[in-house]
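See below for the structure under consideration.
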Amino acid sequence: MERVGKALANGALKALDSARAVEEEPLLQSCFTVNLKRIHISREKQQADGSVSENDGTDGLPPEQARALREELARVQNTPLAAEINVLRIGSLALAALPGEIFTELAERIRTRFAAVNPDSPLFCSSLSNGAIGYVPHREAFAQGGYETIPGVTQIAPGQGEVLADAAEEALERLFTEIHTKI
């Protein structure tokens, strides 16, 4: 173990000796909040007794959990959900740090659109980076149903995943096209 540690330390020192500062590579960052519309829960579901039917949007959750989700959603459904986005540019590398569990289709959309404009710049999309707002499904996922689109498991209304992706894409575009204050 000691031998491996020394070899690693020597390698790090050797790399440090040959390292050079790269002043021409920008280090830029933008952090902002997007207000998302919350998923709507009908008055009928708000007043439901907690029993779970096949089509009530709770997909087999225990009645107590389903009732608690409905009550919490009813309480906050008319207030926007603040979603923090953080984008970072390190030279040609980009990082989009997004809240919640972003559906793969949304992250791929962000990457594809970014790559079309910046083909030589790798982009990493990170989920659960700025808070846990639940699942962030794309619009079509709501029509398909499933656990991730259950009110309470997701807090956002259909189409709001795309709003979040649009905001990340616009921020990344600004980092790669406009001059910003360096960190």
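Reported count of residues in the stretch 95-126, each being in a loop (DSSP other than H, G, I, E, B) and not small (Gly, Ala, Ser), is 7.
Suppose we filter 170, 140, 148 for residues that are closer than 16 Å to residue 87 by Cα and either surrounded by fewer than 18 Cβ atoms within 10 Å (Cβ to Cβ) or out of contact with any Lys or Arg (no Cβ under 8 Å at 6 or more places or on another chain) (or both); which single one remains?
Values: 140 fails: closer than 16 Å to residue 87 by Cα; 148 fails: closer than 16 Å to residue 87 by Cα.
Only one candidate qualifies: 170.
Scanning the stretch 149-171 for residues that are under 14 Å from the mean Cα position of the chain (by Cα) and in a helix (DSSP H, G or I) turns up 160, 161, 162, 163, 164, 165, 166, 167, 168, 169, 171. Among the residues of the stretch 159-181, the ones that are of a type outside the set (S, T, N, Q) and over 21 Å from residue 33 (Cβ atoms) come to 2 in all.
Screening the stretch 85-132 for residues that are surrounded by 19 or more Cβ atoms within 10 Å (Cβ to Cβ) and β-branched (Val, Ile, Thr) and picking the one that is nearest to residue 154 (Cα to Cα) gives 102. Name the single residue, out of those in the stretch 68-87 being modelled with pLDDT of 95 or more and of a type outside the set (S, T, N, Q), that is farthest from the chain's Cα centre (by Cα). Here the residue is 80. Note on the stretch 128-170: residues that are modelled with pLDDT of 95 or more, closer than 25 Å to residue 93 by Cα and of a type in the set (Gly, Ala, Ser) total 4. Is it the case, given these coordinates, that residue 44 is at pLDDT below 90, under 30 Å from residue 172 (Cα atoms), surrounded by fewer than 10 Cβ atoms within 10 Å (Cβ to Cβ) and out of contact with any strand residue (DSSP E or B) (no Cβ under 8 Å at 6 or more places or on another chain)? In short, no. Scan the stretch 78-130 for residues that are of a type outside the set (A, V, I, L, M), in contact (Cβ under 8 Å) with a residue 24 or more places away in the chain and within 20 Å of residue 163 (Cβ to Cβ) and the total you get is 18.
The values are calculated or read from the model by the stated rules, or taken from the named source; none is laboratory data. Since this is a predicted model, take the numbers as computed values, not measurements. Using ideal geometry, Cβ is built from the backbone for each residue, glycine included, and neighbour counts are taken over all protein chains shown.
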